[in-house]
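K.L.:
First the structure, which I've put down as structure tokens, then a few questions once you've had a look.
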Amino acid sequence: MPENTEQYQRAQRRFELNAAVRRSIIGGLDLPVDPDLVDDDQPLFGRGLELDSLDTLEIVSLMEEDFGVYITDEQRFVFGSVNKLVDFAEAAQLADNGA
Amino acid sequence: MERALSATELLQRLPHRHPFVLLDGLHSIDPGVSGVGIKNISISDPVFAGHFPGRPIYPGVMMIEAAAQACGVIGTFKDDVDGDQASIGYLATVKRFAFKELVIPGDQLQIQCRRHVSVGSLIEFKCTLTVGRKTVAEGSLAISVGHGDKQ
């Protein structure tokens, strides 16, 4: 895919945002895991990264501080995986930009 | 309407009893959001028998507990309290507390608590503890709102 196409640039932005969210969560929660080894569809809770309910508070805080988006109680489904968090962050940022 | 609670009114909302009721008052209450706790530091507090003999310094861990009691009342606050307390705030996490100045008998601690984030029954508050104009401690703590029967 040519690097100057809109699709390529969108894919590149998404790749970088996923990596940034992985780094934010792994670093913020001080998890002994290499962020690059976390699958974007891997469950964050239970058998996945084994996070617990207290970690959700920290993720809400990290997403707000690092990406400017706030997760409410009604949007708790986004805690499922990195991809779900990034889907949510992209949609919230688009909404904020009036797109 | 200014919502404020005296020490005796706090006893209707806190399950704690002597010697572990650490608040003397709570004012500027915005239910679930913010409030300011008052803690008067007295030389007659039993903690000074050991912390430290001849050099009384109020322990940081007690300041965290006082802040947790304030956050617990703010987080579970309802205007009407009759009979048993419907819910209790249990201390769930303590994060990045720093103690910047010594707190000694004669000081009055003002404990400013403001909700930062919340998920489900968990509420995280940012707390700033001041004596006069000086910030003596600050940090974050989370409470878990649960049900409990008042004794």
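FYI, it's all coordinate maths here, none of it is from the lab. Computed from a predicted structure; not experimentally measured. Here Cβ is always computed from backbone atoms with ideal geometry, including for glycine, and neighbour counts include all displayed protein chains.
K.L.:
Treating the angle as unsigned and between 0 and 90°, give the value, to the nearest 10°, between the Cα long axis of helix A:6-28 and the longest Cα principal axis of chain A.
P.N.:
Around 20 degrees separate the two axes.
K.L.:
While we're on this one: Could you compute the FRET efficiency for residue A:90 and residue B:44, with r as their C-beta to C-beta distance and R0 at 51 Å, rounded to 0.05?
P.N.:
0.30
K.L.:
Now for a separate question. Sort A:6, B:124 so the one with the fewest other Cβ atoms within 10 Å of its own Cβ comes first.
P.N.:
Starting with the residue having the fewest Cβ neighbours, the order is A:6, B:124.
K.L.:
Continuing with the same structure: What FRET efficiency do you get for residue B:128 and residue B:9 if R0 is 35 Å and r is their Cβ-Cβ distance, rounded to the nearest 0.05?
P.N.:
Between residue B:128 and residue B:9 the formula returns 0.90.
K.L.:
For chain A, restrict the atom set to alpha-carbon positions and state the Rg and Dmax in Å.
P.N.:
Both quantities, over Cα of chain A: 13.9, 44 Å.
K.L.:
One quarter of the convex hull surface, Cα atoms only: what value does that give for region B:95-151 in nm²?
P.N.:
Averaged projected hull area, Cα only: 5.6 nm².
K.L.:
Related question: So how many Lys-Lys pairs in the protein assembly as shown land under 30 Å Cα to Cα, not counting same-chain pairs under 8 apart?
P.N.:
Lysine pairs meeting both conditions in the protein assembly as shown amount to 18.
K.L.:
Using only Cα atoms, tell me the angle between helix B:60-76 and the longest principal axis of chain B; keep it within 0 to 90° and round to the nearest 10.
P.N.:
On a 0 to 90 degree scale, this one is about 20.
K.L.:
Report the normalised scattering of region B:1-69 as log10 I(q)/I(0) at q = 0.12, 0.20 Å⁻¹, calculated by the Debye formula with identical scatterers on the alpha carbons.
P.N.:
-0.35, -0.85
K.L.:
Measure of size requested: the Rg and Dmax of the protein assembly as shown, with Cα atoms as the atom set and Å as the unit; please supply both.
P.N.:
In Å, with Rg to one decimal and Dmax whole: 22.0, 76.
K.L.:
Spin-label point model (7 Å from Cα, Cβ direction): what's the residue B:147 to residue A:5 distance in nm?
P.N.:
5.8
K.L.:
If you average 1/r across every pair of different Cα atoms in chain B and take the reciprocal, what Kirkwood value do you get, in Å?
P.N.:
15.5
K.L.:
Ok, one more. Can you tell me the order of B:140-146, A:12-18 when each peptide is scored by its average per-residue count of other Cβ atoms within 10 angstrom, highest first?
P.N.:
B:140-146, A:12-18
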